[in-house]
Amino acid sequence: MTDHNESPASTFSPIRWGASGLELLDQTRLPREETWLDCRLPGDVAGAIRRLSVRGAPAIGVTAAYGLVVGLQSGDEDHDLRERFEETWELLAATRPTAVNLRWALDQGREVFERHADSGREAATTALLEWAHGLHAADIEANRRLGAHGATLFTRGDRVLTHCNTGALATAGYGTALGVIQSSWADGKLGMVWVDETRPLLQGARLTTWELERLGIPYRLVTDSSAGSLMSRELVDRIVVGADRIAANGDTANKIGTYTVAVLANRHGVPFYVAAPLSTIDRDTPTGSEIPIEERDPGEVTEVFGTTIAPGEAAAANFAFDVTPHELITAIITDAGVLEPPFEESIARAFAAR
Ligand code: MRU
């Protein structure tokens, strides 16, 4: 059983449970500063998810799990326990719509709460914290398995392009697409990584480079619009990206710009892999058309780090994710193995075998 005072992560994690509760590495300040946020109230957790202090589908799910514990701990004694739980649940569920790991974790949390609510606040809080630690550790394990499966697809010297940030920072630890990259590097197969900067919030430029530096993996940072040119010059051997939600037919929502890369990969015959744990596959969403796409503040497009780069009256649209249709995806790398098309069938088989 996990000691409920300690996070279980033996690997680097952007989420930790310390003596005073939930702490999150503030990713909005990376790479300039490494600052940890203390989250004492459910609003602190929800705010951190909304403004992307913690981000990446699996990391959002694990943070929400701990957020439910924060909710129960921070309520005053007179506050009805169920009411407190539901308020926290709703607050967290409303933070970001696309990453299915959020809802996946919250639904599980509700089941755990229901099983222990009648035993009182302390018992329910302890049970939820043990469950959250379990989820934290399980995500790291799933990512390590996923990384090992993905590395089998690589051949010596591969130059790999990736989009957004999918490393330890985006998960409970180790990473998904960046976990595959890390495993391939450890196996001596990886040549180097092309890192898309990932406008507008620059998760690639700020976070993926930060992680690759720490891992000692060679990379070159490129503008998002470089992908086509790199592929046409035969400088990319494979592409691996993460996912925020994979529909039952394999259609995949991921950071805006992923679809563009997939179309270019198809044009140039470059294998295009999606790497995600089974917790990111949403079998209740039949196709990509039903995946809700988050639309964020247009100011994130018209400004860069507080500096306005467009005329004051400029109208902007800021869709945070796009959907890559399943026919553009070569394989989906999961903790249960490498899934191949037709994905509807391989996904169903992977879940049946769990
Ligand atoms: O808006 P973000 O930074 O949360 O978007 C993150 C992504 O799109 C990642 O590729 C995805 O969540 C997979 S993270 C392992």
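The values are calculated or read from the model by the stated rules, or taken from the named source; none is laboratory data. Bear in mind that the values here come from a model prediction, so they are computed numbers and not experimental data. Using ideal geometry, Cβ is built from the backbone for each residue, glycine included, and neighbour counts are taken over all protein chains shown. These accessible areas exclude ligands, DNA and RNA; they are computed on the full protein's heavy atoms, side chains included. Shrake-Rupley method; radii C 1.70, N 1.55, O 1.52, S 1.80 Å.
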- Within 10 Å, count the other beta carbons around each residue, average over each peptide in 191-202, 176-187, 216-227, and list them highest first. 176-187, 191-202, 216-227
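For segment 84-143, what class follows from the C-alpha gyration tensor (a ≥ b ≥ c being the square roots of its eigenvalues): rounded when a/c is under 1.5, otherwise prolate if a/b is larger than b/c, else oblate? Show your work: numbers first, answer last.
Numbers: a/c = 2.68, a/b = 1.22, b/c = 2.21.
Note, shape of segment 84-143 comes out oblate.
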- Message: Suppose R0 equals 45 Å. What FRET efficiency, 1/(1 + (r/R0)^6) with r the Cβ-Cβ distance, do residue 226 and residue 114 give to the nearest 0.05?
- Response: 0.35
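Using Cα-Cα distances under 8 Å and only pairs 6 or more residues apart, what relative contact order does segment 15-143 have, in percent?
Working: 165 pairs, mean separation 29.5, N = 129.
Reported as a whole number, the value is 23 percent.
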- Starting with the highest mean, order 164-172, 330-338 by the number of other Cβ atoms within 10 Å, averaged over the residues of each peptide. 164-172, 330-338
- Once you have the Cα-Cα distance between residue 35 and residue 289, take 0.36 nm times their residue separation minus that, and quote the gain in nm to one decimal. 87.7 nm
- Message: Sequence gap at least 6, Cα distance under 8 Å: using those rules, report the relative contact order of segment 147-352 to the nearest whole percent.
- Response: 21
- Query: For segment 132-149, list residues with backbone N below 20 Å from a point placed 7 Å from the Cα of residue 12 toward its Cβ?
  - Reply: 136-148
- Message: Can you list residues from other chains, or at least 5 along the same chain, whose modelled amide H is less than 5 Å from the amide H of residue 159?
- Response: 191, 192, 237, 238
- Pull up all non-local amide H partners of residue 321: gap of 5 or more, or a different chain, and H-to-H distance under 5 Å with H placed in the peptide plane. 256, 294
- Any chance you could give the angle, 0 to 90 degrees and rounded to 10, that helix 81-93 forms with the longest Cα principal axis of the chain? 20
- Sticking with the crude label model, points 7 Å out along Cα→Cβ, report the distance from residue 303 to residue 344 in nm, one decimal please. 4.6
- Item | Ordering of 302-311, 114-123, 35-44 by packing [mean C-beta count within 10 Å, highest first] | 35-44, 114-123, 302-311
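Rounded to the nearest whole Å², what accessible area per residue is found for segment 147-352 with the 1.4 Å probe? Please report the intermediate quantities before stating the final value.
Working: 8060 Å² over 206 residues.
Ligands and nucleic acids excluded, the figure is 39 Å² per residue.
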- Please give, to one decimal in nm, the separation of the simple spin-label points placed at residue 268 and residue 354, each 7 Å out from Cα toward the Cβ. 3.6
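Compute the relative contact order of the chain as a whole-number percentage, counting only Cα pairs closer than 8 Å that sit 6 or more residues apart in sequence.
16
Counting only other residues whose beta carbon sits under 15 Å from that of residue 39, what net charge do I get with K and R as +1, D and E as -1? Write down the numbers at each step before the final one.
Values: positive: 16, 40, 50, 51, 55; negative: 23, 26, 38, 44.
Within the 15 Å Cβ shell, the charges total +1.
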- Item | segment 49-94-segment 209-281 distance, computed between alpha-carbon centres (Å) | 31
- Task: Taking only Cα atoms and a 10 Å spring cutoff, compute GNM fluctuations for the chain and point out the largest among 251, 139, 107.
- Result: 107
- Item | Cα-based Rg and Dmax for segment 15-143, where Dmax is the largest Cα-Cα distance (Å) | 13.8, 47
- For helix 121-151, what angle does its Cα long axis make with the longest principal axis of the chain, in degrees from 0 to 90 and rounded to 10? 10
- Could you give the distance between the Cα centres of segment 145-173 and segment 22-40, to the whole Å? 24
- Going by a ≥ b ≥ c, the root eigenvalues of the Cα gyration tensor, does segment 222-323 fall in the rounded group (a/c under 1.5), the prolate group (a/b larger than b/c) or the oblate group? oblate
- In degrees, nearest ten, helix 100-116 long axis to first principal axis of the chain (Cα): 20
- 37 °C / 0.692 mPa s Stokes-Einstein diffusion coefficient of the chain, Kirkwood radius on C-alpha pairs, µm²/s: 160
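Which percent of the Cα-Cα distances in segment 62-213 go past 20 Å?
On the way: 6584 of 11476 pairs.
That fraction is 57 percent.
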- Residue among 178, 202, 299 farthest towards the positive dipole end of segment 147-352, charges placed on Cβ: 178
- For segment 147-352, state the average projected area of the convex hull of the C-alpha atoms over all orientations, rounded to one decimal in nm². 11.6
- Query: In the chain, carbon and sulfur make up what percent of the accessible area (probe 1.4 Å)?
  - Reply: 49
